[in-house]
Structures are given as structure tokens and as C-alpha cells.
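Shown next, in C-alpha cells, is the structure this report addresses.
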Amino acid sequence: MKVDRIHLVLGLLWLITGMALGEHMGRTQDHGQMPTHSHIMLVGGVLPVLWAILNRDWKMGSGLLAWAQLGLHHAGAAIMIVALYKLYGGGDIVTLGPALGVSAVLVILATVLMLFLAVRARPAAT
Ligand code: HEM
Ligand code: HEM
């Protein structure tokens, strides 16, 4: 599979996961996991779908940097989501803080790499 399709598939899987959590929150009227839901939807789901479209339309390719961007984003998103789920499930911020910090750095690095790829890219002709 290519970088854009992996972003798209993983993003859609996170969207379905986040919707299921949102449905659970609505049904139980327990909104305690709202930040987890928000970041599943937006960091796990919306951003990768956006990265997939940009990667394809702007021809960012399947080079090493595009694969690194993919890996950094999804590692960061997965760590962030699991840590948020544990935190808002009653976990300890002292234990989970380092994982949240690392996950934030990974997602930020992936976005910086996207900026680099965007500047370097040759977009499709319109
Ligand atoms: C099956 C679909 C969905 C369900 C059942 C659902 C459910 C919920 C629930 C129950 C809340 C908590 C509201 C509150 O406590 O004020 C919430 C908040 C939120 N949802 Fe969803 N949601 C769904 C889809 C989405 C989608 C598609 C997105 C974005 C792509 C999204 C993004 C958010 C955000 C950002 C918040 C936090 C809003 C705030 O800061 O007040 N949700 N959702
Ligand atoms: C490095 C990545 C990120 C970090 C460290 C981060 C951190 C945070 C923190 C600490 C909050 C406050 C939560 C609370 O009040 O309990 C928050 C809320 C929020 N973030 Fe993020 N965020 C990140 C990325 C993003 C991205 C990329 C988006 C959107 C595309 C986003 C959308 C939101 C929204 C809508 C809220 C308010 C809803 C809520 O409280 O659940 N975040 N974020």
C-alpha cells in the first residue's frame, strides 16, 4: 500500500473508533472521555484523511520522508489516544504525562515534516 492509502485507511478506522466512543458517551451520558473522543476524531481521523488528500493531490510521493511522516503521525496519534483514554479513565497524570509529552512531540514533528514536504512538492496541474 502507498502512503496516501495507509493514511486514509488508518484515519477512517480512527473515525469509526471515535464515533463508537462518542455514541457510548451519548448513550451513558458520561462525557468523561470527551478529550479522548476529540483527539481520536481530529488527530487520529481528520488529520490523516487530510494528509492522504494532500499527499495525493500535491504529489508528496512515497519517499523516505513521506514514510517517516506517516510513521511519526500514527505512532504519535496511537500513543496519545491510548494515554488519553487511560488518563480520563482515572489514570495518573504523573505516570501518563511522559507518554502524552512524547506523543505530542511526534505529532508536531509529523506536521513539521508535512510542511517540509509541502514546500518541496510539485502539486498536480489544475
Ligand atoms: C457518531 C458520531 C458522533 C457521536 C455520537 C459524537 C458524540 C459526542 C459527544 C457525546 C460529545 C460530548 C459533548 C459534550 O460533552 O459537550 C462530543 C464532543 C465532541 N465531538 Fe463528537 N460525536 C460524533 C462525531 C464527531 C465527529 C465526526 C467529530 C469531528 C470530526 C467530532 C468531534 C467532537 C469534538 C471536537 C468534541 C468536543 C466539543 C467541545 O469541545 O465542546 N465528533 N461528541
Ligand atoms: C500535539 C498535539 C496536541 C496536543 C498536545 C493537544 C492538547 C490538547 C489539550 C491539553 C487540550 C485541553 C483538554 C482539556 O481541556 O481537557 C486540547 C483540547 C482540544 N484539542 Fe488538542 N492537542 C493536540 C492536537 C490537536 C489537533 C491537531 C486538533 C485538531 C485538529 C485538536 C483539537 C482539540 C479540540 C477541538 C480541543 C477541545 C475539545 C476538548 O477539550 O476535548 N488538538 N488539546
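Among the residues of segment 1-44, which ones are in contact with a Ser or Thr (Cβ under 8 Å, 6 or more places away or on another chain) and either within 11 Å of ligand 2 (Cβ to nearest atom) or closer than 23 Å to Val105 by Cα (or both)? Passing the criteria: Val3, Ile40, Gly44.
Table: residues versus (1) touching a strand residue (DSSP E or B) at 6+ places or on another chain (Cβ under 9 Å); (2) touching a residue at least 12 places away in the same chain (Cβ under 8 Å); (3) under 18 Å from Ala121 (Cβ atoms); (4) not in a helix (DSSP H, G or I).
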residue	(1), (2), (3), (4)
Met1	no, no, no, yes
Gly11	no, yes, no, no
Leu15	no, yes, no, no
Arg56	no, yes, yes, no
Ala75	no, yes, no, no
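Give segment 28-45 a look and list any residue that's part of a loop (DSSP other than H, G, I, E, B) and touching a residue at least 24 places away in the same chain (Cβ under 8 Å), or say none. Those that are part of a loop (DSSP other than H, G, I, E, B) and touching a residue at least 24 places away in the same chain (Cβ under 8 Å): Gly32, Gln33.
Taken as a whole, the condition of being more than 9 Å from ligand 1 (Cβ to nearest atom) and not charged (D, E, K, R) does not apply to Leu15. From the list Arg27, Arg5, the one residue that fits, being out of contact with any helix residue (DSSP H, G or I) (no Cβ under 9 Å at 6 or more places or on another chain), of a type in the set (D, E, K, R) and at pLDDT 95 or above, is Arg27. Applying the criterion of being surrounded by fewer than 13 Cβ atoms within 10 Å (Cβ to Cβ) and of a type outside the set (Lys, Arg) to the residues of segment 23-52, the residue that is nearest to His7 (Cα to Cα) is Glu23. Taking the conditions (1) free of Cβ contacts under 8 Å to residues at least 60 places away in the same chain; (2) assigned to a helix (DSSP H, G or I); (3) more than 13 Å from ligand 2 (Cβ to nearest atom); (4) not charged (D, E, K, R) in turn, Pro48 satisfies each one other than (3). Which condition breaks for Tyr88 when tested against (1) touching a residue at least 24 places away in the same chain (Cβ under 8 Å); (2) under 17 Å from the mean Cα position of the chain (by Cα); (3) within 16 Å of ligand 1 (Cβ to nearest atom)? Result: Tyr88 fails condition (2) only.
The values are calculated or read from the model by the stated rules, or taken from the named source; none is laboratory data. The shown structure was predicted, so the numbers you read here are calculated from the model rather than taken from an experiment. All Cβ positions, glycine included, derive from the backbone under ideal geometry; neighbour counts span all protein chains shown.
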